[in-house]
Amino acid sequence: MITPFYSPALYDVAKSSLAVASVSPGGFPMANAFDKNDTTEWETSSAGTTSDYIGQDFTAAAPKKIRRVRLLQNASATFSVTSVSVQYSDDMSAWTTIAAGNSAVAAGDNTIIVADNGYHRGWRVKAAVATGGGVWSIFSLEFHINA
């Protein structure tokens, strides 16, 4: 008998949840970050802010233990941030930054390994450093259940 290979590290759970964001401009809605299309994007509505975030509400009935985050942001330093906070919440109001603190990220594709922080209703990525002058542009954001 052959057992099919299944890699939980590749299982992106964002597709089964509700997107949440600090803003969702009409031309660049938050759904674009989760549509599995690396050519559509979510953008913030203003430049140079560290209050912007985007993430997922998995609902209180289906909390998730996130162990890895894939962040594909604009390849231009003008439209990307250099540091993010990965945060979780059990009520979607009070947010806790993971123990590792801020994660350095580059323009383009990034993978952030998340230590075991348990199961939580909401997970998000928040800008910890402002962009290089433009709006924050994310092409893809994935939340994975295993590192």
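Bear in mind these aren't lab numbers, they're just calculated from the coordinates by the rules spelled out. All of these numbers come straight from a predicted model, not from anything done at the bench. Virtual Cβ from ideal backbone geometry, glycine too; neighbours counted across all protein chains shown.
Summary table
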item	result
Difference of contour (0.36 nm per residue) and Cα-Cα distance, D91 to T78	1.3 nm
Net charge contributed by nearby residues that have their C-beta within less than 11 Å of P29 (K/R +1, D/E -1)	-3
Cut-off under 5 Å, modelled amide H: who pairs with E41 long-range	none
The stretch 76-147 versus the stretch 39-72: alpha-carbon centroid distance in Å	7
Qualifying chymotrypsin sites (Phe, Trp or Tyr not before Pro) in the stretch 94-130, DSSP loop, other Cβ atoms within 10 Å at most 16	Y119
Nonlocal amide H pairs with V114, under 5 Å, H built at 1.01 Å	R68, V69
In sequence order, calculated HN-Hα J values of the stretch 36-46 (Karplus, 6.51, -1.76, 1.60; Hz; x Gly/Pro)	6, 10, 6, 10, 9, 9, 9, 10, 6, 8, 9
Residues with amide H under 5 Å from that of S83, placed H, sequence gap 5 or more	V105, A128, V129
Fewest-first sequence of I66, I98, I113 by Cβ atoms within 10 Å of each Cβ	I113, I98, I66
All aspartates and glutamates inside 15 Å of K64 as judged from Cα atoms, apart from same-chain residues fewer than 8 positions distant	D12, D90, D91, D116, E142
Phi-based couplings in Hz for the stretch 131-140 (Karplus 6.51, -1.76, 1.60; Gly and Pro marked x)	5, x, x, x, 6, 7, 10, 10, 8, 8
Derived scalar couplings ³J(HN,Hα) [the stretch 87-95; Karplus, 6.51 cos²θ - 1.76 cosθ + 1.60; whole Hz; x for Gly, Pro]	10, 9, 8, 9, 10, 6, 10, 9, 10
Radius of gyration, Dmax [the chain; alpha carbons; angstrom]	14.8, 57
For the chain: relative contact order, % (alpha-carbon pairs under 8 angstrom, 6 or more apart)	37
